[in-house]
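The values are calculated or read from the model by the stated rules, or taken from the named source; none is laboratory data. As the structure is a prediction and not an experimental result, all values here were calculated from the model. Here Cβ is always computed from backbone atoms with ideal geometry, including for glycine, and neighbour counts include all displayed protein chains.
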Amino acid sequence: MNKPQSFRIEDLTEPLTFPVEAYICPDYARAERDRLWPKVWQHAGRVEEIPNVGDYLTYEIGRESIIVIRTARDRIKAYYNVCSHRARQLIDTPPGTNGVHGNKQGFVCGFHAWRYNIDGECTYKHDEADWKGCLSNPARTRLTEVKVDTWGGWLFVNMDPEAKPLREYLDEAADILDPFELEKMRYKWRQWVIFDCNWKTAIEAFMEPYHVTGTHSQMLANGDYYAYSAAHGIHGVSGFDVRKTAGASSEKEASSVTRTGKAGKDPRVSTYELQKEIYETVNNASTTLTLVNAAKRLVDELPEGTPAPEVIKHWLKRAREDDAARGVIWPTITPEQQGKAGLAWSVFPNMSILQGITFALCYRARPYGDDPNKCIFEAYAIERFPPGEEPKTEWVYAEATQEKWGLVLSQDFSNMAAVQRGMHSRGFRGTLPNPHQERKVTNFHRVLADVMGAGYLHLLDK
Ligand code: FES
Ligand SMILES: [Fe+2]
């Protein structure tokens, strides 16, 4: 383990490196189980998954299983999924499932039939008198609670009873994303898969557009992908940028997903080409059909020579009207807010949100037991739907193919195991993240090293 050295956010502008132990070391993976996951807020699901009293889902993290259940119209609770008697899981989570869900008005343990109400109190212990009164204190037998809160339509849990409130934890990430009203979006699709790589290898593949040139070269025909990457406390954001204006342009509206396509082209055409490509190759996500269709009409609705900012303004105005006509009301987001929010956020430790005004494409990666070389990876799209037209979705296990995930995500997936193999190579000296475009990655490891007490950043010398 390296000598502890805390880095500040300001230091991340410098070229840095960090070792590979966080990706490959079995001891490190085991240590995460004690030092990382029990200490952080992590998203366990979406509020829409448990609309009725008694609706529950289980969230699996490493060896833990947590039940999140709606106990009243306006109240959600979370418990460790374990019976107080002799530790049987109250709800079975069979291998091959990505958590389970259902509705229960109480829990009955399958081993010796102890019962619990949804508020976690043990309401029946078989032959209780045998304990000679020692089980009369409800605290001895009640289910152990886990902190739970919501933001942006997500259910977050935290196993640390001393954890700071969720809002404080999310900090600027929540402040800056609040105008997008992510809580009003609903699942469009959700898929999961097991990768032969560490969970960090997987989530970091979505922290930066720096890989577009190498991984998604076909996208260069319709867009420019130079990006900035910045830290906001323990979280991070990236957005599109213009070369040689590092820093200065990091809060332009054009840094977001609603931008024109390839520079130098007629923006009426390039905007549509980019939108169409994204919709078709990013699994019908990262934009919406409304935005694609409104972009398609730009050549008919605007004269040739219309400047790019005017094209974007017109496009978004028409898309807003089109959506309003079908009952999808957009929030008001100023260009400044849009610029500040950039393209995509990393919420420490394992959540990624690529947001638009009416949609978001999100990722989550989790360890697969204690194995540093495997992870559970999920991607899902959320969108604003007309009331009553929200699709019914479930987690679908989908092999990492183009057929199941679309071209772009399957290209991302093709790197996972290959990066993990490379991390094990004796010939690898440690990562060399891009100081401007991959700062989210270095900020993640800055924070992670402080939490884990290992894997510290080091300045690169010339
Ligand atoms: S382990 Fe649950 S009742 Fe015995
Ligand atoms: Fe990608």
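Counting the residues of the range 378-389 that are assigned to a strand (DSSP E or B), in contact with a helix residue (DSSP H, G or I) (Cβ under 8 Å, 6 or more places away or on another chain) and under 15 Å from Thr288 (Cα atoms) gives 1.
Counting only strands (runs of 3 or more DSSP E) that sit wholly inside the range 42-137, those with at least 1 residues that are surrounded by 14 or more Cβ atoms within 10 Å (Cβ to Cβ), of a type outside the set (Val, Ile, Thr) and more than 16 Å from ligand 1 (Cβ to nearest atom) are 42-46, 55-61, 64-72, 75-80, 101-103. Only residues that are over 29 Å from Gly406 (Cβ atoms) and touching a residue at least 40 places away in the same chain (Cβ under 8 Å) were counted in the range 285-325, giving 1. I'd like to check something: does the range 419-434 contain any residue that is in a loop (DSSP other than H, G, I, E, B), in the same structural domain as Ile376 (by TED's automatic domain parsing) and buried (at least 21 other Cβ atoms within 10 Å of the Cβ)? Yes, the range 419-434 has at least one match. Count of the range 412-440 residues, restricted to those that are more than 16 Å from ligand 2 (Cβ to nearest atom), more than 13 Å from Thr17 (Cβ to Cβ) and among the charged types (D, E, K, R), is 3. Counting only strands (runs of 3 or more DSSP E) that sit wholly inside the range 141-247, those with at least 2 residues that are under 15 Å from the mean Cα position of the chain (by Cα) are 145-151, 154-158, 186-195, 235-240.
Pairing residues of the range 8-30 that are within 19 Å of Ile234 (Cβ to Cβ) with residues that are among the basic types (Lys, Arg), at Cβ distances under 7 Å and at least 6 apart in sequence or on separate chains, gives Leu12/Arg439; Leu12/Arg446; Ala22/Lys200. For the range 138-153, filtering for residues that are in contact with a helix residue (DSSP H, G or I) (Cβ under 9 Å, 6 or more places away or on another chain) and either at positive phi or within 13 Å of ligand 1 (Cβ to nearest atom) (or both) leaves 2. Can you name the residue in the range 182-231 that is modelled with pLDDT under 95 and of a type in the set (Asp, Glu) and, of all such residues, is nearest to ligand 1 (Cβ to nearest atom)? Applying the filter and picking the extreme gives Glu208.
Note on the range 162-211: among residues that are under 18 Å from Trp37 (Cα atoms) and among the polar types (S, T, N, Q), the one that is surrounded by the most Cβ atoms within 10 Å (Cβ to Cβ) is Asn198.
Of the residues Arg439, Arg384, which single one is among the basic types (Lys, Arg), away from ligand 1 (no atom under 16 Å from the Cβ) and under 26 Å from Ala29 (Cβ atoms)? Let's see the steps before the verdict.
Working: Arg384 fails: under 26 Å from Ala29 (Cβ atoms).
After applying the criteria, what remains is Arg439.
Evaluate the following for Asp92: is it more than 16 Å from ligand 2 (Cβ to nearest atom) and either within 21 Å of Tyr59 (Cβ to Cβ) or aliphatic (A, V, I, L, M) (or both)? When the stated conditions are applied, Asp92 passes them.
Please go through the range 125-151 and give me each residue that is aromatic (Phe, Trp, Tyr) and in contact (Cβ under 8 Å) with a residue 12 or more places away in the chain, ordered by number. Step through it out loud before you land on a result.
From the range 125-151, those aromatic (Phe, Trp, Tyr) are 131, 151; that's our starting set.
Answer for the range 125-151, where residues must be aromatic (Phe, Trp, Tyr) and in contact (Cβ under 8 Å) with a residue 12 or more places away in the chain: just Trp151.
Within the range 27-41, the residues that satisfy the criterion of being more than 22 Å from Val82 (Cβ to Cβ) and either crowded, with 20+ Cβ neighbours inside 10 Å or in contact with an Asp or Glu (Cβ under 7 Å, 6 or more places away or on another chain) (or both) are Tyr28, Ala29.
Every listed requirement among (1) outside the structural domain of Tyr363 (by TED's automatic domain parsing); (2) away from ligand 1 (no atom under 16 Å from the Cβ) is met by Arg33 save one, (1). Thr393 passes every criterion in (1) under 23 Å from Tyr210 (Cα atoms); (2) polar (S, T, N, Q); (3) under 21 Å from the mean Cα position of the chain (by Cα) apart from (1).
Six or more apart or on different chains, Cβ under 9 Å: which pairs go from a residue in the range 211-233 that's touching a residue at least 60 places away in the same chain (Cβ under 8 Å) and more than 13 Å from Arg259 (Cβ to Cβ) to one that's away from ligand 1 (no atom under 16 Å from the Cβ) and of a type in the set (Lys, Arg)? Could you list them? What qualifies is Tyr228/Arg439; Ser229/Arg439; Ser229/Lys440; Ala230/Arg439; Ala230/Lys440; Ala231/Arg439; Ala231/Lys440; Ala231/Arg446.
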